[in-house]
Every structure is written in C-alpha cells, then in structure tokens.
Amino acid sequence: MWAMLLALAAADIERIEVHGRAAQHDAVVLNVASGYRSGETMADILRHAPGLQVRQTGGPGGALSLSMQGSGSSQVLVLLDGVPLTSTTLGTPLLQFLDPAEVASVEVISGAAAAAYGSGAMSGVVHIRTRADGDNVIAASQLRGDGDTAGGHGYLRLSQQLGRSQFAVSAALRDERYALQRRSPPLVGASSERSTVAGYQAGTYSINFERLLNSGNALRVRHQRQYTDADYQQDCVDAVTFAPLRCQPWLDNEQSLTQVEHVREQGNRQRRLSLSHFTDQAISSDHLSSAASWSGAGDLFSTKRWRAAYLTELQTTAGSTISRGFEWQRERAQSNVVDYQRSQRSRLALFSQWQSSQGSGFAWRVERMGSGSWVVTAQAKVKAQLTQHWSGAVALANGYREPGFNDLYWPGAGNPDLAREKSQSVQVTLKTRVKQGVQFRLQPFYQRWRRLIAWAPGDNGLWAPQNIDRASSRGVTAAGDWQLSESVSLHGHLTWQRARDDDSNQRLAYRAGHHAQLRLTQQGQRLRWSLSGHGRNRLYTSEGEALPGYLSLDAELAWLLRPGAELSLHASNLGNQRYAERRDWFEPGRQLRLGFTWRY
C-alpha cells in the first residue's frame with residue numbers, strides 16, 4: 001500500500017497478492033521504480049534477473065520471449081498484480097508493450113511453482129507489480145540510432161491524497177522506429193528488399209484509487225488500458241495458393257485490466273479478496289492494400305478472463321506462515337479465423353501453504369478443470385544453515401500447463417487430442433557471503449517435461465502442434481554481487497544449460513546453451529554511471545538452423561540536476577553488433593537515448 005495508507009492503518013497492510021508466497025524458491029526482486037529512467041523497456045529490466053533468458057525480435061516493439069531453465073516462453077507464467085497476462089489463444093504474454101514507467105518491481109521465481117500459481121508455472125514465474133506510491137512523475141526521452149532508428153517516449157503521473165483516499169492517474173506514449181536488415185533471402189516471388197524500417201506506437205493509461213475504510217481494512221481499485229500498433233517482418237503467402245506475396249504486415253493490439261482488491265487485517269491474521277477482468281485483442285493487417293489477401297491478414301484473436309481469488313494468512317507465534325484459499329478463473333477465446341470447438345473453459349482451485357521462519361516450506365494445490373478432470377500439484381523446500389557463511393536449500397516441485405486454444409483448434413493444423421504438459425523440477429540453492437560486500441549464489445537445476453507441446457512441420461510441410469513424450473533440461477545458474485568500494489559495485493550472472501528432446505536426442509529450439517550479463521555501476525552523490533554487457537552463445541531455430549552467439553555492450557550516465565530531477569544518457573549495442581534472434585532478420589544496431597525524469 002502507499003505510505004499514506006500505511007501511516008493511517010493500525011497495522012501494516014501489505015500489497016494484495018492473492019497467490020501467496022512460493023514455498024520452495026528464493027525469489028529475485030528487481031526494484032524498478034527507484035531506478036527508472038525514461039524510455040527503458042521491459043527487456044532492459046528483465047535481463048538483470050539471473051537465470052532468465054530474454055529474446056526480443058525487431059526492437060522494443062517486437063515479440064518478447066522469456067525462457068527459464070531451458071523452458072519455452074509458454075512454460076513461464078507472467079503475472080501483473082497477481083493476474084495472468086498470458087493470451088488464451090496465442091499462449092504467450094505481450095510483455096513488450098508494457099511500459100516500465102508503470103512498474104514498481106518484478107519478482108522472478110525459478111523452477112516449477114504450480115502449487116502456488118497454477119497452470120503455466122512449469123519452469124518459473126515472473127510477477128510484475130505496478131506502482132502504488134504517491135509520487136508525481138514527468139519523464140521524456142528521445143531515441144536515435146543506426147540507420148533510420150529514431151523515436152520518443154513520454155510519461156506523466158499525477159497523484160493526490162484526499163483524507164483517507166489516494167488517487168493517481170498516469171499516461172504513457174511511445175513512438176519509435178528501427179532499421180532492420182535481412183539475414184536470409186526472402187521467399188522467391190516475395191519482396192526482395194534487403195532492409196526495412198519497423199516501428200510501433202503505444203499508448204497506456206491507468207487510474208488508481210485506494211482508500212483506508214477503517215482500522216485494518218483497505219480497498220484498492222485499478223484500471224489499466226494500453227493500445228499498440230506494431231510492424232513485424234515475415235514473408236507472406238497467398239491464403240489460397242500459398243504463392244509468395246509482397247507485404248508490410250502490422251499488428252494492432254489492445255489490452256485492459258480492471259481489478260478490485262480488499263484487505264482485512266486482524267492481529268496476526270490477514271484476509272485478501274481480489275476480483276479482476278482481463279481482455280486482450282490482437283488483429284493483423286497490412287500497410288499495402290493490394291496484399292490484403294495474404295495468409296494471416298485480418299486475423300483477429302480475443303481473450304477474456306474473469307478471476308476471483310481469496311487468501312487468508314496466519315502468522316504463528318513461532319514465526320511461520322500458514323496460508324490457504326481458493327481461486328476461480330474463467331476464460332473465453334474468440335477469433336474470426338478459428339472455429340473453437342470449446343471457446344471457453346474454467347477451473348476452480350483450493351490451495352494451502354506452510355512456510356517456516358527459516359524458509360523451509362510445503363504447499364499443495366488441487367484444481368478441478370471445466371472438463372471434469374482433476375490436477376494435483378505440490379512443492380516442498382528444505383533450507384538449512386550449513387556453515388557460518390554458507391546456507392543451502394533443496395526444492396522439489398511439479399507443474400503443468402493447459403494447451404492453448406490455437407494449439408487445439410487452429411484450422412488445418414490444430415490438434416484437439418493434445419494432452420496437458422507436465423513438469424517436475426529439482427533445484428539446489430547454495431548461498432555464501434565470502435567477505436563483507438561479496439555475495440555469491442549457485443543454483444544447479446534439473447527439469448523433466450512430459451508431453452511438451454511443440455509446433456513442427458509435418459509430412460505435408462505444414463506446421464502443427466504435437467506432444468513431445470519426454471524432454472529435459474539440466475544446468476546451473478551462478479550469480480554474484482561485489483561491492484568494490486563505497487560507491488562502486490559489480491553484478492553478474494551466468495547460466496549454463498542443456499535442453500533436449502529425450503525421444504530424438506535433438507536440441508530444443510531457441511534455447512541458448514549459455515547466456516550471461518555483467519554490470520559495473522558507480523553511484524555518486526549527483527553522478528551515476530554503469531557499463532554492462534549481455535549475450536549468449538549460439539541457439540537453433542525450429543528448422544535446425546544455427547543463430548550465432550553475440551555480446552552486446554551498453555553504457556549509461558545519469559546526472560542528478562536537483563532533488564527529484566535527473567538527466568540520463570543511455571547507449572545500447574555500442575559495438576553495433578549484427579546479431580539475429582530469429583531466422584530471417586538481424587536485430588537493430590547501435591542506439592542512443594537521452595532522457596529526463598522529474599519526481600516531485
């Protein structure tokens with residue numbers, strides 16, 4: 001809750017989070033609001049999380065994919081204030097259009113966590129929490145870069161306290177374009193252009209209201225809506241003959257989330273109730289009216305999700321936490337090109353969790369699906385202090401994911417016989433403080449998946465989803481922090497992993513063998529600078545083509561002009577690396593962003 005509400009309450013009232021805490025994992029929390037700079041993207045932020053592989057294709061407006069412990073993007077659950085962001089039809093969230101100016105923090109949990117979070121939490125959870133402070137913020141930035149890369153970003157947030165109530169309204173606008181170059185030849189008969197400019201426009205607004213009803217009771221209402229128009233690159237084919245066509249496709253997307261939350265706190269017991277409605281709609285079109293008949297033009301996909309959840313938490317005299325509650329969710333999918341045999345589905349879950357003051361815990365979850373089937377998940381964690389400087393934990397868990405509607409019913413390719421994916425994970429965490437200012441964490445992991453859903457070309461050459469009977473991933477994530485001096489610090493993380501289809505012994509597509517980031521930061525009284533590098537080794541496409549590894553170098557300089565007012569300069573891809581995250585196109589080159597942020 002906001003500081004104003006906390007001061008008025010008889011006891012602290014936490015931000016509402018109806019899922020409860022994950023019992024088996026130590027979460028990594030990225031504090032976004034305190035270090036926010038105008039114009040940064042969600043990809044910039046998420047790359048700081050150890051173990052999280054971030055792939056963005058075509059600049060900030062392009063598709064953003066997340067992978068953890070060798071998984072695919074659909075096996076990582078993304079939440080916005082506890083509400084799943086995943087599209088029911090497409091199966092992945094449109095994270096690239098979420099403006100970081102609205103984000104307070106990001107919590108990253110590795111390993112299967114379905115007992116706490118339900119479907120989709122097979123390999124990890126990314127929980128994004130929106131701002132709930134009383135700050136007024138004005139921010140703006142300008143972008144220039146290699147080729148025709150250019151654009152701008154603006155953000156405004158106004159907050160007002162009226163007695164026991166707090167109001168906040170905010171709006172963000174972004175308009176940017178990026179120069180892209182082809183990596184491979186186009187289809188014969190399609191456009192022969194070797195380069196193009198892709199851009200996107202995005203607008204977001206939100207309305208927040210919080211009120212302290214009486215001692216121990218608080219109400220929060222939030223509505224957020226965002227609109228985007230984004231170009232994307234692909235070779236188009238005729239919808240009937242499959243002959244190559246010249247095209248300039250773009251995607252129009254709209255998302256909205258309305259949420260009402262109530263918290264009641266009595267002594268050592270807290271009760272939380274959350275009601276939410278989420279919608280996501282995407283439609284594809286073309287800048288060239290003559291290409292309106294290409295396969296995919298005019299496709300519309302819509303998701304609606306209603307959700308209700310209740311959680312009660314009890315703090316015992318021994319310091320442990322006992323949580324229990326229920327979650328009900330109903331989702332509906334609509335499309336003008338897909339005849340969904342089942343256009344809606346629902347599920348009801350009961351869950352319970354115990355967590356000791358030392359960090360050990362156990363959780364279980366029982367879900368009844370709309371089809372009448374039952375899913376039971378559990379997770380357990382044992383944590384111990386091994387020596388004076390070393391602590392260790394072992395976590396065991398399982399997870400699952402329901403097939404997306406497009407996986408089941410896509411025309412001519414969907415597979416209604418697909419089974420739900422299942423996962424089992426084992427994770428060991430070792431932490432140490434070598435000396436004052438030096439911390440290190442080592443996290444070996446093993447993931448085993450059954451009936452993993454993957455799209456692959458069939459005998460007729462058309463892509464279709466199928467269940468991979470057995471697949472697995474093993475590896476280790478290492479992360480460290482070193483305070484070199486009072487103002488200089490070094491942060492880094494490296495993940496090595498091996499993800500394979502155990503039936504065919506082939507690599508799983510788009511999983512890098514290792515990826516890493518290293519960041520050096522100096523924080524002065526008025527001046528802050530940082531140097532960082534992130535990269536990966538080669539990865540393989542679904543067709544088996546190797547995409548070479550890369551290393552991108554970034555730099556940032558920030559100057560505190562006066563309390564609350566900061567001028568920043570950020571340079572990305574300083575080496576102008578021509579690297580590819582997909583088969584056909586190189587990613588944008590060197591970029592320079594000048595920004596100003598004022599908090600008051």
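Selection of region 560-590 for residues being small (Gly, Ala, Ser) and in a loop (DSSP other than H, G, I, E, B) yields Gly564, Gly575, Ala580, Gly589. Scanning region 500-512 for residues that are out of contact with any Cys (no Cβ under 7 Å at 6 or more places or on another chain), in contact (Cβ under 8 Å) with a residue 24 or more places away in the chain, farther than 27 Å from Trp585 by Cβ and surrounded by fewer than 17 Cβ atoms within 10 Å (Cβ to Cβ) turns up at least one hit. Inclusion of Asp481 among residues that are touching a strand residue (DSSP E or B) at 6+ places or on another chain (Cβ under 8 Å), among the charged types (D, E, K, R) and within 16 Å of Gln424 (Cα to Cα) is not warranted.
Of the residues examined, Ala580 is not one that is under 22 Å from Gly524 (Cα atoms), open to solvent by less than 30 Å² (accessible area, probe 1.4 Å), in contact with a Lys or Arg (Cβ under 8 Å, 6 or more places away or on another chain) and at pLDDT below 95.
Residues checked against (1) assigned to a loop (DSSP other than H, G, I, E, B); (2) at pLDDT below 50:
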{"residue": "Leu5", "(1), (2)": "no, yes"}
{"residue": "Ala10", "(1), (2)": "yes, yes"}
{"residue": "Gly20", "(1), (2)": "yes, yes"}
{"residue": "Ser38", "(1), (2)": "yes, no"}
{"residue": "His48", "(1), (2)": "yes, no"}
{"residue": "Ser65", "(1), (2)": "no, no"}
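Exactly one residue out of Arg305, Arg271 is at pLDDT 85 or above and under 27 Å from the mean Cα position of the chain (by Cα), and it is Arg305. Residues that are within 25 Å of the chain's Cα centre (by Cα) and either on the phi > 0 side of the Ramachandran plot or of a type in the set (Gly, Ala, Ser) (or both) within region 360-380 comprise Ala363, Ala378, Ala380, listed in sequence order. Filter region 583-595 down to the residues that are open to solvent by less than 70 Å² (accessible area, probe 1.4 Å) and in contact with a Leu (Cβ under 8 Å, 6 or more places away or on another chain), then identify the one that is farthest from Gln181 (Cα to Cα). So, considering only residues that are open to solvent by less than 70 Å² (accessible area, probe 1.4 Å) and in contact with a Leu (Cβ under 8 Å, 6 or more places away or on another chain), the one farthest from Gln181 (Cα to Cα) is Gly595. Taken together, the residues in region 77-122 that are farther than 23 Å from Thr204 by Cβ and among the β-branched types (Val, Ile, Thr) amount to 1.
Consider region 520-568. How many of its residues are open to solvent by less than 40 Å² (accessible area, probe 1.4 Å), among the hydrophobic types (A, V, I, L, M, F, W, C) and in contact (Cβ under 8 Å) with a residue 24 or more places away in the chain? The number of residues fulfilling the criteria is 5. For region 87-137, taking the residues that are over 15 Å from the mean Cα position of the chain (by Cα) and of a type in the set (Asp, Glu), the one that is modelled with the lowest pLDDT is identified as Asp133. Which pairs turn up if I take residues in region 477-495 that are touching a residue at least 24 places away in the same chain (Cβ under 8 Å) and look for partners that are open to solvent by 20 Å² or more (accessible area, probe 1.4 Å) and acidic (Asp, Glu) with beta carbon separation below 7 Å, at least 6 apart in sequence or on another chain? Final answer for the pair search is Ser489/Asp481; His491/Asp481. Can you spot a residue in region 396-414 that is in contact with a Leu (Cβ under 9 Å, 6 or more places away or on another chain), within 30 Å of His491 (Cα to Cα), at pLDDT below 95 and open to solvent by less than 60 Å² (accessible area, probe 1.4 Å)? No - not one qualifying residue is present in region 396-414.
Output the number of residues of region 153-174 satisfying the condition of being touching a residue at least 12 places away in the same chain (Cβ under 8 Å), surrounded by fewer than 17 Cβ atoms within 10 Å (Cβ to Cβ) and more than 16 Å from Leu98 (Cα to Cα). Within region 153-174, residues that are touching a residue at least 12 places away in the same chain (Cβ under 8 Å), surrounded by fewer than 17 Cβ atoms within 10 Å (Cβ to Cβ) and more than 16 Å from Leu98 (Cα to Cα) number 6. Which of (1) open to solvent by less than 20 Å² (accessible area, probe 1.4 Å); (2) modelled with pLDDT under 85 is the odd one out, the single condition Asp26 does not satisfy? The number of the failed condition is (1). Restricting attention to region 201-218, the residues that are aliphatic (A, V, I, L, M) and buried (at least 16 other Cβ atoms within 10 Å of the Cβ) total 3.
The values are calculated or read from the model by the stated rules, or taken from the named source; none is laboratory data. Just so it is clear, the model here is predicted, and its values are computed rather than measured. Here Cβ is always computed from backbone atoms with ideal geometry, including for glycine, and neighbour counts include all displayed protein chains. Just the protein is used for accessible areas: all its heavy atoms, side chains included, with ligands, DNA and RNA removed. Shrake-Rupley method; radii C 1.70, N 1.55, O 1.52, S 1.80 Å.
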